[in-house]
Amino acid sequence: MTKRTPRIHTREGHPDFVDLDWTSPIREWTSDRLVEMPEGLHRHEIVFVAYDEGVYAIKEILPRLARHEYTMLRTMEGRTRHTATAVGHVERPWVDDDLDWAGAVITKYVSHAFPYRHLISGIGFGERRDALLDAFAGLLVELHLNGFFWGDCSLSNVLYRWDASSIEAIMIDAETSEIYDRISGGQRWNDLEIMQLNVAGEMGDIAAEQGASLDEADLALGEEIAGRYRSLWKELTTSLVVTAGDHFRIRQRIARLHGLGFAVDDIDLIPVDGGTNVKIRVKVGGRQYHSERLREITGMDISENQARVILSDLAYHDPKFGGTTATGKNVAAMKWRSTVFEPLVAQIVDLLPGRDPYQAYCDYLGFRLAMAIDRDADIRNDEAFAAWRDANFPGLREVV
């Protein structure tokens, strides 16, 4: 009898997973490590396992697809923060390569995330629709800017989580994907077509589950995602021609891109019209401008729109801590973190265990602002936080 020893490839800093029962399909596992986590509909068997290092998702899939997905996700790590983190892949040599349970891919579970069905309101997404449209279009643009062709773009292949007042979308399924130095217009068009077909089918399924007819389904959702995608793509990739002396327009262009959350990697200034004008061509990186800024200032790793809101809180406190010079701003950031941010986050963790503390902090800031507007006066943090707590955390974003 052939010895049933799996081949397991994992990254440093994560478990080796050798204690799991790889001799049987994951649907038959009874390990104490198995945990229930929010998950959507999927074609493959998936389980979640808990270790000291965190929770991991294990998806059974053909070995060649497991290796491919692992490679795609690993490659994208250095380009965007909006893809799942690849941890390892597994091959069961004694199982026929044409069977799904012959292989598996392991990813880190996306904390505080949820599938799109947790956002459903009736036969659609209700008041959350706009946030979902922006998040999905932004994710697809960011992936394409980084040469990523998805091949199976759908609502189901994405996880979502609250990101301040917005929604963050994270791609979790890359088995059909390919990565290029530069994605072509035809490939982008193909991805959009696939997305629209998939999303229409998903919205039709939602309507049917709610007892509604196909005519009542939100079949335009995919088309609207595509429309927002095209507008954002044009904003990010269109070259701008200005007169050679209008340098302020370069700064305006960069500021506008930063406002959209995108980092700027390179700027090309190309003389045109005999040197009287300049074409500005910008290479845009990941949608993580504010999160990178906050990381540089404080060392904290927070999602993009949460970072934008928290940076505004830092700016609000800057003058109070003497942040008027470059050195003063660095000192002010450290004082803000140690005397304002970390103490409040510690209280949030204690009062709201299991919640995303950074999202809760953003919700608290919204409450403090509303309180200040109502009083037409500045509000101390301790007073605002106590009022927020006593009012049972109004504004706290939940998935229902």
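The set of residues in the stretch 202-258 being small (Gly, Ala, Ser) and in a helix (DSSP H, G or I) consists of 204, 207, 208, 222, 226, 227, 231, 255. Beta carbons closer than 6 Å, at least 6 apart along the sequence or on distinct chains, pair a first residue in the stretch 289-307 that is free of Cβ contacts under 8 Å to residues at least 40 places away in the same chain with a second that is polar (S, T, N, Q) for 307/291.
Results for (1) of a type in the set (Gly, Ala, Ser); (2) over 13 Å from the mean Cα position of the chain (by Cα); (3) surrounded by 18 or more Cβ atoms within 10 Å (Cβ to Cβ), shown as yes or no for each residue.
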| position | (1), (2), (3) |
| --- | --- |
| 61 | no, yes, yes |
| 67 | no, yes, no |
| 104 | yes, yes, yes |
| 108 | no, yes, no |
| 158 | no, no, yes |
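Here's the yes/no breakdown for (1) assigned by TED's automatic domain parsing to the domain that holds residue 81; (2) crowded, with 23+ Cβ neighbours inside 10 Å; (3) of a type in the set (D, E, K, R):
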residue: 129; (1), (2), (3): no, no, yes
residue: 146; (1), (2), (3): no, no, no
residue: 149; (1), (2), (3): no, no, no
residue: 164; (1), (2), (3): no, yes, no
residue: 171; (1), (2), (3): no, yes, no
residue: 174; (1), (2), (3): no, yes, no
residue: 185; (1), (2), (3): no, no, no
residue: 193; (1), (2), (3): no, no, yes
residue: 211; (1), (2), (3): no, no, no
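Check 249, 161 and return the single one that is in contact with a His (Cβ under 8 Å, 6 or more places away or on another chain) and modelled with pLDDT under 95.
It is 161.
Collect the residues in the stretch 288-314 that are assigned to a loop (DSSP other than H, G, I, E, B) and surrounded by 19 or more Cβ atoms within 10 Å (Cβ to Cβ), keeping them in residue-number order. If the condition is that a residue be assigned to a loop (DSSP other than H, G, I, E, B) and surrounded by 19 or more Cβ atoms within 10 Å (Cβ to Cβ), then 288, 302, 303 are the ones that fit. Restricting 205, 265, 215, 246 to those that are under 29 Å from the mean Cα position of the chain (by Cα) and farther than 17 Å from residue 155 by Cα reduces the list to 265. Scanning the stretch 163-182 for residues that are over 17 Å from residue 43 (Cα atoms) and touching a strand residue (DSSP E or B) at 6+ places or on another chain (Cβ under 6 Å) gives 167, 168, 169, 170, 178, 179. Residues in the stretch 125-162 that are outside any helix (DSSP H, G or I), of a type in the set (S, T, N, Q) and closer than 20 Å to residue 107 by Cα: 154 only. From the list 139, 197, the one residue that fits, being surrounded by 18 or more Cβ atoms within 10 Å (Cβ to Cβ), among the hydrophobic types (A, V, I, L, M, F, W, C) and on the phi < 0 side of the Ramachandran plot, is 139. Hey, does the stretch 14-26 have a residue that's surrounded by 12 or more Cβ atoms within 10 Å (Cβ to Cβ), farther than 21 Å from residue 65 by Cβ, in contact with a strand residue (DSSP E or B) (Cβ under 6 Å, 6 or more places away or on another chain) and not assigned by TED's automatic domain parsing to the domain that holds residue 120? Scanning the stretch 14-26, I find at least one residue that is surrounded by 12 or more Cβ atoms within 10 Å (Cβ to Cβ), farther than 21 Å from residue 65 by Cβ, in contact with a strand residue (DSSP E or B) (Cβ under 6 Å, 6 or more places away or on another chain) and not assigned by TED's automatic domain parsing to the domain that holds residue 120, so the answer is yes. The numbered conditions (1) more than 21 Å from residue 194 (Cβ to Cβ); (2) in contact (Cβ under 8 Å) with a residue 12 or more places away in the chain are all true for residue 127 except (2).
Only one of 141, 95, 110, 87 is over 28 Å from residue 284 (Cα atoms) and either of a type in the set (Val, Ile, Thr) or at pLDDT 95 or above (or both); which? Quick ask: steps written out before the conclusion?
On the way: 141 fails: over 28 Å from residue 284 (Cα atoms); 110 fails: over 28 Å from residue 284 (Cα atoms); 87 fails: over 28 Å from residue 284 (Cα atoms).
So the residue among 141, 95, 110, 87 that is over 28 Å from residue 284 (Cα atoms) and either of a type in the set (Val, Ile, Thr) or at pLDDT 95 or above (or both) is 95.
For the condition among the β-branched types (Val, Ile, Thr), touching a Leu at 6+ places or on another chain (Cβ under 9 Å) and closer than 15 Å to residue 164 by Cα, residue 278 does not qualify. Among the residues making up the stretch 53-103, those that are of a type in the set (Gly, Ala, Ser), touching a residue at least 12 places away in the same chain (Cβ under 8 Å) and under 27 Å from residue 144 (Cα atoms) are 57, 66, 84, 86, 88. Taking each residue of the stretch 377-388 that is over 16 Å from residue 341 (Cβ atoms) and in the same structural domain as residue 343 (by TED's automatic domain parsing) and looking for partners that are at pLDDT below 95 and of a type in the set (D, E, K, R) with beta-carbon atoms closer than 8 Å, six or more apart or interchain, yields 379/368. Does the stretch 259-276 contain at least one residue that is part of a helix (DSSP H, G or I), small (Gly, Ala, Ser) and assigned by TED's automatic domain parsing to the domain that holds residue 128? Looking for residues that are part of a helix (DSSP H, G or I), small (Gly, Ala, Ser) and assigned by TED's automatic domain parsing to the domain that holds residue 128, one finds none in the stretch 259-276, hence no.
Taking the criterion of being over 15 Å from residue 320 (Cβ atoms) and surrounded by 15 or more Cβ atoms within 10 Å (Cβ to Cβ), the residues of the stretch 371-386 that qualify are 371, 385.
Got at least one residue in the stretch 339-358 being outside the structural domain of residue 270 (by TED's automatic domain parsing), of a type outside the set (S, T, N, Q), in contact with a His (Cβ under 7 Å, 6 or more places away or on another chain) and not in a helix (DSSP H, G or I)? Don't jump to the end; show me each part of the working.
First, the residues of the stretch 339-358 that are outside the structural domain of residue 270 (by TED's automatic domain parsing): 339-358.
Imposing the further condition that a residue be of a type outside the set (S, T, N, Q) reduces the set to 340-346, 348-358.
If we keep only those that are in contact with a His (Cβ under 7 Å, 6 or more places away or on another chain) too, we end up with 340, 356.
Next cut, not in a helix (DSSP H, G or I) only: 356.
Looking for residues that are outside the structural domain of residue 270 (by TED's automatic domain parsing), of a type outside the set (S, T, N, Q), in contact with a His (Cβ under 7 Å, 6 or more places away or on another chain) and not in a helix (DSSP H, G or I), one finds at least one in the stretch 339-358, hence yes.
The values are calculated or read from the model by the stated rules, or taken from the named source; none is laboratory data. Bear in mind that the values here come from a model prediction, so they are computed numbers and not experimental data. Reconstructed Cβ throughout: ideal geometry from the backbone, glycine too, with neighbour counts over all protein chains shown.
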